[in-house]
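Undergrad: Take a look at this one; I'll ask things after.
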């Protein structure tokens, strides 16, 4: 993310803290015994919160690049799931 978005040092510190925070919040969801739909709904809500926080750290251009990168990852994941 650092090189892809050309992040500056103060941004790196903030982004690292946000990523760690949400990694810790995602863990219980992934490990829970809840159904797939419930997990997906909770994960999506957390991702939206994370994106909102990141939007406050990134410039408009960086955030657009981040969104493009996230969309690319989602597309790859969906393609991989279809192959299974």
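Undergrad: Take the conditions in contact (Cβ under 8 Å) with a residue 60 or more places away in the chain and part of a helix (DSSP H, G or I) and apply them to residue 26. Does it pass?
TA: no
Undergrad: Name the single residue, out of those in the range 52-66 being without any contact (Cβ under 8 Å) to a residue 12 or more places away in the chain and in contact with a helix residue (DSSP H, G or I) (Cβ under 8 Å, 6 or more places away or on another chain), that is nearest to residue 26 (Cα to Cα).
TA: 55
Undergrad: So residue 34 clears everything in (1) at pLDDT below 95; (2) part of a helix (DSSP H, G or I); (3) farther than 21 Å from residue 5 by Cα except one condition, right? Which one?
TA: (2)
Undergrad: Do we find that residue 39 is within 16 Å of the chain's Cα centre (by Cα) and without any contact (Cβ under 8 Å) to a residue 40 or more places away in the chain in this structure?
TA: Spelling it out, residue 39 is indeed within 16 Å of the chain's Cα centre (by Cα) and without any contact (Cβ under 8 Å) to a residue 40 or more places away in the chain.
The values are calculated or read from the model by the stated rules, or taken from the named source; none is laboratory data. Bear in mind that the values here come from a model prediction, so they are computed numbers and not experimental data. FYI the Cβ positions are ideal-geometry reconstructions off the backbone, even for glycines, and counts take in every protein chain you see.
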